[in-house]
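Only one structure is covered here, and it is reproduced in the block below.
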Amino acid sequence: MIPVEHILLLSAALFSIGVLGVMLRRNVIVIFMSIELMLNAVNLSFVTFSRGMDSMTGVIFIFFIIVVAAAEAVVGLSIILSIFRTRKTLNIDEFNILKW
Amino acid sequence: MLIIFYIFAALSIFGGLGVLFLRNPIHCALSLVGTFFCLGAIYVMLNAEFVAVIQVLVYAGAIMVLFLFVLMLLSSKDTDQYANKWPIGKILAGLLSLGIFVQIASLFTAGELQLGPKGAYPIEVVEEVGSIALIGRLLFTDYILSFELIAVLLLVAVIGAVVIAKRRFE
C-alpha cells in the first residue's frame, strides 16, 4: 500500500509545476498544457482521497473533471485558432486588446 | 510496489518539468503525454482502473492529439516563450509556486492525516463488483442528473468550438 502522504506530495508538486508553467511560459498553447497538468494533479489527489476513504465519489468526480477539461481544451484551442488568424502569433503578451 | 510508484512519480515530475523548460512546444506536448501515462500507471496501483483507462484514452489520446494538431496548424515564428524583459517576474513566479507547494504540503506533513469516516466501498467490495461496474451503477443512479447535464455541456462545447473556429468570409 502506497502511503497517502507521498501521493499527495506528488500531486502538490505537479500542481506547483503547472502554476509555474502558467506564469513563466509565454506560448498560449504551453500555458494551456500547464493548466491540463494542474487538472491532472487535482485528479490524482481525488483518486488518493477516494481510495483512502473507501468512497467512490472522487472517482465519479474525476469523470466529470475530465469531461470539463475536454470541453475547455476544445473551446480554448478554437479561440486560440481564431486569434492566431488575426494576430499571427502565439505569444500571450501580444493578445492585449479584446477587439480588433 | 512502492519502488514502482516512486519510479512513476519521478518520471511524471520529470515530464512536468519538461513542459516547463523545453523550448519547442511540440516537445512540451510529448513530455506531457509521458506524464499522463505515468499518472495512469499510478491510478492502476490505486485500484482505479476506469480512471487509468480514460486517462490514457481521453487525456493522452484525444486531448493531446488535439493540442498537437493545433500546434502543427499554427506554425508560429516566435520561438522565444520566456518573458526575458523582467527577470524579477521569474523570481516572483518561482517564489509563488514554491509557496503554493509548501502550503499544500504542510497540510498533510505537519501531523497525522485525518481522513474522516470511511465510505461504503472498501477495496474488497470494489474488487468483487469491479470498479467499472460500480462507477456505471453510481453514474446512472445517484449521479444521473449531473451525467445528463455534463452531456449537454459537451454538446455546447462541440457547437461552440465549431462556431468560434469557423473561418469567417468577409
- Item | Chain lengthening between B:Leu73 and B:Asp142 when straightened (0.36 nm per residue, less Cα-Cα) | 20.6 nm
- Note on the structure: So the FRET efficiency between A:Arg85 and B:Trp86, C-beta based with R0 = 22 Å and rounded to 0.05, is 0.15
- Taking each pair of different alpha-carbon atoms in chain A once, compute 1/r for the pair, average those values, and report the inverse of that mean as the Kirkwood hydrodynamic radius in Å to one decimal. 15.2 Å
- Item | Directionally averaged shadow of segment B:1-75, computed from the convex hull of its alpha-carbon atoms, nm² | 4.8 nm²
- Note on the structure: With the 8 Å Cα cutoff and a minimum separation of six or more residues, chain B has a relative contact order in percent of 16 percent
- Message: Which log10 I(q)/I(0) values does the protein assembly as shown give at q = 0.13 Å⁻¹ under the Debye formula, counting every alpha carbon as one identical point scatterer?
- Response: -0.91
- Message: Run the simple label-point estimate for B:Ile4 and B:Ala133 please: 7 Å along Cα→C-beta, distance reported in nm.
- Response: 2.4 nm
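Every number in this text was worked out from the coordinates using simple rules, so none of it is lab data. The shown structure was predicted, so the numbers you read here are calculated from the model rather than taken from an experiment. When we count neighbours, we look across all protein chains shown, and the Cβ atoms used for this are built from the backbone with ideal geometry, even at glycine.
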